[in-house]
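Written out below as structure tokens is the structure these notes cover.
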Amino acid sequence: MLRFILARLGGTVAVLILVAVMVFALTRLASGDPIAVLLGDQASAEDIAQVRVQYGLDKPLPTQFGYWVKEVLRGNLGQSIFLQRPVTQALAERTEPTFFLALFAVTIAALIGIPCGLVAAVWRGRPVDQIFSAIAMLGASVPSFWMGLILIQIFAVGLGWFPASGYGNPGVSLIERLHHLVLPATVLGVLNSALIIRFTRASILDILGEDYVRTARSKGLAESVVILKHVLGNALVPIVTVVGLTLALMIGGAVVTETVFNLPGVGNLVVRAVLRRDYPVIQGALLVIAGIYVLINLVIDLIYMFVDPRIRV
Amino acid sequence: MSSLFHRKWAKRMIALVLCFGPFVPAPAAAAPSAANLAMIAEPQTLDPMGTTADLVATIMQHVYEPLYTYDAKWNVVPMLADGLPKVSGDGLTHTIALRQGVKFHNGREMVADDVVASLKRWMEVSPRGKAVARDIASVEAKGPYTVELKLKTLYAPLLSQLALPTSMAAILAKESIAPQLKDFIGTGPYKFKERRPDQYTLLTRFDGYVARKEAASGYAGKREALIEELRFVPVPSANTRVEGSLSGQFDFADLLPVESIGRLEKAGASVVPIMTESFGFPYLVFNTREGVLASQAIRLAVQTAFGEGEMMAAAFGDTRFFTVEPNHFPKGTPFFSTAGADKYNQRDAAAAKEAAAKAGYNGQAVRIMASRQYEFHYNMALVMAEQLKRAGIKAELQIVDWATLVQRRNDPKLWDIYVTHSPVFPEPMLSPPQLNEDAPGWWSSPAKQTTLSTLNREMDPAKRAALWGKVQQVIYDEVPYINVGKFNSLSARSQRLQGYVPSAWPFFWNTAVGGK
């Protein structure tokens with residue numbers, strides 16, 4: 001058991017080192033210079049070279065890498081070149097909008113997807129099934145930036161119900177911030193509900209053919225009880241899994257929505273950092289996200305080890 | 001569904017929740033009179049000296065002030081200085097009297113020591129200041145309200161350089177001066193309050209502001225902070241800026257795509273489109289050091305092939321937004337000149353082909369580097385490539401992102417032409433940087449040095465205007481860069497934002513918001 005734990009720990013450290021090397025190498029292999037962006041179009045090559053020295057960017061890459069790793073091991077992800085704050089602070093500031101957006105959107109996706117999928121399965125082959133299936137196809141095909149702009153035009157510009165962009169003025173309440181998230185969350189929610197509709201429909205159709213459903217019906221239970229209790233209850237486990245998958249997709253795909261709605265989220269931070277080559281932010285953000293994934297995988301593996309005795313052998 | 005699948009997704013979900021779990025609830029609301037101002041990006045820095053970027057100037061000119069500034073007609077007039085400097089007979093010593101009673105944001109009075117320390121920092125860290133520093137012998141305090149600036153050689157653009165908001169010769173409180181500014185303490189009508197990157201930069205009214213007595217004119221004269229809070233919101237997506245203005249979310253939205261003019265005009269009374277005439281000029285920099293365009297004769301052939309009118313049309317579409325004209329400075333301004341006009345907008349493929357052949361062109365590709373960060377750069381590059389092909393000159397487009405372009409242009413081996421743009425400045429020496437030595441393109445020639453040094457040493461503004469014509473002629477003769485034309489910018493303000501004056505670096509003192 002101890003050997004297993006040590007092996008997993010060793011593997012985790014190896015993965016983290018690999019991630020650090022790759023993140024550093026990829027950001028530096030891309031051409032572009034943060035200092036040229038920082039100093040502006042009129043700055044001379046000489047000025048740029050001088051400021052590069054201040055930021056240590058003139059040193060050979062292995063030296064820069066060594067310095068970065070040393071600082072990371074001390075828990076310091078570095079200082080953003082542009083944001084005048086530590087990378088950890090910049091990251092912490094962005095988690096709130098991203099977290100609420102993903103949560104809000106996945107709720108909308110589930111609230112649309114599960115009932116529609118259920119109805120489509122129960123009335124399989126009927127017009128209602130065809131309509132919902134068509135909507136699901138459409139949802140999967142519409143680009144999020146397009147839908148975002150359409151919603152902004154209707155609900156922000158036309159009706160004035162919601163703000164067009166941003167995350168609220170300084171000092172506004174959480175409710176006001178959530179108000180800013182309604183349109184972006186709707187875009188992400190509606191588009192991602194397509195997958196949940198299709199998955200719910202397929203799962204429920206599978207279970208409708210099970211023996212225990214036939215038994216429930218033969219006992220004379222009302223159809224609503226059969227569907228809601230016996231069918232939906234059993235279909236829920238794979239559906240919850242796909243809702244989780246949707247959440248993952250949203251966080252990966254929220255970059256476009258965050259850009260259209262100008263939300264200061266993690267995706268936006270990374271994209272803007274890439275555009276201005278803010279090396280410390282790119283490296284820090286990617287390392288933290290990758291590191292958290294790796295560490296949580298480690299924890300879960302260890303938990304499985306206690307739960308499932310076969311792994312311990 | 002296998003248990004393995006479940007396990008995998010269960011792990012991922014836990015990972016995600018833990019990744020994005022922590023958050024801080026927002027504090028309670030307050031309601032000062034405020035304006036939301038949509039800017040094109042997050043400022044590169046808040047150090048007013050640290051960059052030549054216009055965006056930083058736009059924001060930080062509310063916090064910091066220079067000794068001199070520009071009035072509505074682009075004349076240099078005093079701001080923190082009491083009047084124009086007293087210049088010695090030889091033109092080398094400038095004695096600057098300072099205004100008395102001007103307060104910094106920390107309540108202390110501005111004195112000559114602050115000015116000297118600030119100007120020294122400007123000459124050390126600012127890209128513009130460093131260039132000017134080559135001609136400055138000393139800066140010294142001569143009493144609490146007097147500063148003496150000695151030049152090594154006559155340098156006519158000195159006051160223009162001191163007045164410019166970009167890479168600003170800002171006057172900082174001496175105690176706040178550091179290599180990396182932490183406290184932003186100036187004398188402006190607004191003081192810095194908070195910066196949340198990619199969300200806003202917040203400025204609040206400085207109640208102790210001491211305004212000038214003269215009537216407001218351009219950036220000059222009386223400044224009054226009528227709005228309590230200015231929120232500069234970075235909105236990089238131009239579409240989002242348009243929609244935000246139309247929905248009333250922004251009181252001002254900077255630099256909108258010209259295609260949106262129709263929607264803004266139809267939006268009714270709530271949104272007012274603002275056109276700033278002769279806002280900027282696109283220019284094409286030629287690599288005079290290496291590659292095919294190191295030959296001046298081939299550069300001339302390329303100039304003959306180019307039709308600047310077509311380029312501007314492709315770049316800006318609507319004719320209300322651009323002017324095709326050979327003069328580098330707009331009509332009605334001091335440096336207007338038509339010298340070299342016959343070499344502008346020729347679009348003569350046959351003559352270009354012949355000239356290229358005579359110059360010994362043998363089919364090398366002209367590498368045109370452009371970025372899509374500014375869509376008009378890209379559109380112009382496409383037209384350029386076609387015009388070159390028509391003249392039998394091979395063109396190769398290198399489309400890169402902006403961060404790559406500003407790096408690669410420093411290496412003469414990598415490109416032949418790159419596309420960029422600049423605001424129209426009131427003084428030739430302020431832009432483009434190719435008029436100085438060592439800027440990308442590396443233009444250096446006896447004619448350049450003679451005409452420019454004559455221009456820079458002539459202190460009489462009236463005579464300088466005529467001397468610029470000679471420099472412009474050399475530019476058309478030697479083709480270190482091509483000034484393609486002028487473009488107007490489009491911005492928008494809400495109906496409730498009153499008193500806004502269109503300007504190259506938008507400012508919001510003397511503006512008020514109705515309602516709230």
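Starting from the Cα-Cα distance between A:TRP161 and A:SER218, subtract it from 0.36 nm times their residue separation and give me the gain in nm to one decimal.
15.4 nm
Within 10 Å of each Cβ of B:438-450, how many other protein chain Cβ atoms are there on average?
Mean number of neighbouring Cβ atoms from other chains: 1.
Near the amide H of A:GLN79, under 5 Å away, which other amide H atoms are found, from residues 5 or more places off or on another chain, if H is placed in the peptide plane?
So A:GLN79 has HN proximity to A:VAL87.
Mind giving me the FRET efficiency for B:LEU397 and B:LYS120? R0 is 35 Å, r the Cβ-Cβ distance, nearest 0.05 is fine.
On the way: r = 45 Å, r/R0 = 1.28.
The calculated FRET efficiency here is 0.20.
Could you give me the radius of gyration and the Dmax of region B:434-516, taking only the C-alpha atoms into account and expressing both in angstrom?
20.0, 61
Averaged across the residues of A:92-98, what count of C-beta atoms belonging to other chains lies within 10 Å of each residue's C-beta?
5
Which whole-number value in Å³ per residue fits the convex hull of the alpha carbons of region A:100-243?
Cα convex hull per residue, to the nearest whole number: 126 Å³.
Taking only complete DSSP H runs, can you tell me which helices of chain A stretch 24 Å or more along their own long axis by Cα positions and average at least -0.5 on the Kyte-Doolittle scale?
A:2-29, A:87-122, A:174-208, A:232-260, A:279-307
Can you list the HN-Hα couplings for region B:263-277, worked out from phi with the Karplus curve (6.51, -1.76, 1.60; θ = phi - 60°), rounded to whole Hz and with x for Gly and Pro?
5, 5, 5, 7, 6, x, 6, 6, 10, 10, x, 10, 10, 9, 5
Looking at chain A as a GNM with Cα springs under 10 Å, which of A:THR246, A:THR107, A:THR215 has the largest mean-square fluctuation?
Result for chain A, Cα springs under 10 Å: A:THR215 fluctuates most.
Please report, in whole Å, how far the alpha carbons of region B:116-156 spread along each principal axis, starting with the longest.
Reported extents, whole Å, longest axis first: 28, 22, 14.
Residues with amide H under 5 Å of B:VAL366's amide H, sequence separation 5 or more or different chain, H placed in the peptide plane at 1.01 Å from N; which?
Under 5 Å from the amide H of B:VAL366: B:LYS394, B:ALA395, B:GLU396.
Multiplying the sequence separation of B:ALA351 and B:SER295 by 0.36 nm and subtracting their Cα-Cα distance, what value in nm do you get?
So the extension gain works out to 18.4 nm.
What does the convex hull of the Cα atoms of region A:1-46 come to per residue, in Å³, rounded to a whole number?
Details: hull volume 3.5 nm³, N = 46.
With only Cα atoms used, region A:1-46 gives 75 Å³ per residue.
Residue by residue through region B:489-497, what is 3J(HN,Hα) from phi via Karplus (6.51 cos²θ - 1.76 cosθ + 1.60, θ = phi - 60°)? Round to whole Hz and write x for glycine and proline.
Here the 3J(HN,Hα) series is 9, 10, 10, 8, 10, 7, 4, 6, 7 Hz.
When the helices in chain A are scored as -39500 (n - 2.57) per DSSP H run of 4 or longer and the sum is shared across all residues, what 222 nm value do you end up with, to the nearest 500 deg cm²/dmol?
-25000 deg cm²/dmol, from helical runs alone.
Can you check what the Kirkwood hydrodynamic radius comes to for region A:261-305, Cα pairs only, in Å to one decimal?
Values: mean 1/r = 0.0835 Å⁻¹.
For region A:261-305, inverting the mean 1/r across all distinct Cα pairs yields 12.0 Å.
Considering all projection directions equally, how large on average is the shadow of the alpha-carbon convex hull of chain B, in square nanometres?
Dividing the Cα hull surface by four gives the mean projection, 30.0 nm².
Could you pull out the pairs from B:LYS86/B:LYS120; B:LYS358/B:LYS470; B:LYS150/B:LYS191; B:LYS130/B:LYS389 whose alpha carbons sit more than 30 Å apart here?
B:LYS150/B:LYS191; B:LYS130/B:LYS389
So how much accessible surface do B and A hide from each other in total, probe 1.4 Å, in square angstrom to the nearest 100?
6400
Quick one: check the C-alpha center-to-center distance for region A:22-75 versus region B:138-188, whole angstrom.
29
First measure r as the distance between the Cβ atoms of B:GLU386 and B:THR93, then evaluate 1/(1 + (r/R0)^6) with R0 = 51 Å and state the FRET efficiency to the nearest 0.05.
After rounding, the FRET efficiency stands at 0.40.
In Å and whole numbers, how far do the C-alpha atoms of region B:44-183 stretch along each principal axis, longest first?
That gives 41, 31, 29 Å along the principal axes, largest extent first.
I'd like the distance between the alpha-carbon centres of region B:327-364 and region B:366-380, rounded to an integer number of Å.
Spelled out, the Cα-based centre of one part sits 20 Å from the other.
When the Debye formula is applied to the Cα atoms of region B:105-236, each taken as the same point scatterer, what base-10 log of I(q)/I(0) results at q = 0.09, 0.18 Å⁻¹?
-0.31, -1.20
Return a whole-number percent for the relative contact order of region B:44-183, with Cα pairs under 8 Å and 6 or more residues apart as the contact set.
Values: 265 pairs, mean separation 44.5, N = 140.
Taking the mean separation of contacting Cα pairs over the length of region B:44-183, I get 32 percent.
I'd like the Kirkwood hydrodynamic radius of chain A, using the inverse of the mean 1/r over distinct C-alpha pairs, in Å.
When all Cα pairs of chain A are included, the Kirkwood radius is 23.1 Å.
Output ³J(HN,Hα) for region B:293-298: one whole-Hz value per residue in order, computed from phi by the Karplus curve 6.51 cos²θ - 1.76 cosθ + 1.60 with θ = phi - 60°, and x for Gly and Pro.
Taking θ as phi minus 60°, the curve returns 8, 5, 7, 5, 5, 6 Hz for region B:293-298.
How about region B:323-380: which trypsin sites (Lys or Arg not before Pro) there are in a DSSP loop, with at most 11 other Cβ atoms within 10 Å of their Cβ?
Loop-located and lightly packed - B:LYS331.
Determine the relative contact order of chain B: mean sequence separation of Cα pairs under 8 Å and six or more apart, normalised by residue count, in whole percent. Don't skip to the answer; put the middle values down first.
Details: 1097 pairs, mean separation 97.2, N = 516.
In percent, rounded to a whole number, it is 19.
So what is the relative contact order of region B:331-460, in percent, for Cα pairs below 8 Å that sit 6 or more residues apart? Intermediate values should be presented prior to the final figure.
Details: 123 pairs, mean separation 29.2, N = 130.
Relative contact order comes out at 22 percent.
Sort out for me the Cα centre separation of region B:396-420 from region A:109-155, rounded to whole Å.
Value for the Cα centre distance between the two parts: 45 Å.
Starting from the alpha-carbon convex hull of the protein assembly as shown, give the projected area averaged over all orientations, in nm².
41.8
I need the trypsin sites (Lys or Arg not before Pro) found in region A:1-93, filtered to DSSP loop residues with at most 14 other beta carbons within 10 Å of theirs.
Hits after loop and neighbour filter: A:ARG74.
Run the paramagnetic zone check for B:ASP113: 7 angstrom along Cα to Cβ, then residues of region B:162-182 with backbone nitrogen under 14 Å.
Only B:173-177 fall inside the zone, counting backbone N under 14 Å.
The values are calculated or read from the model by the stated rules, or taken from the named source; none is laboratory data. On a predicted model such as this, the values are computed, not experimentally measured, just so you know. Quick reminder, even Gly has a Cβ in these numbers, built from the backbone with ideal geometry, and neighbours come from all protein chains shown. The protein model used for the area step is the full one, side chains on, heavy atoms only, and it has no ligands, DNA or RNA in it. Shrake-Rupley method; radii C 1.70, N 1.55, O 1.52, S 1.80 Å.
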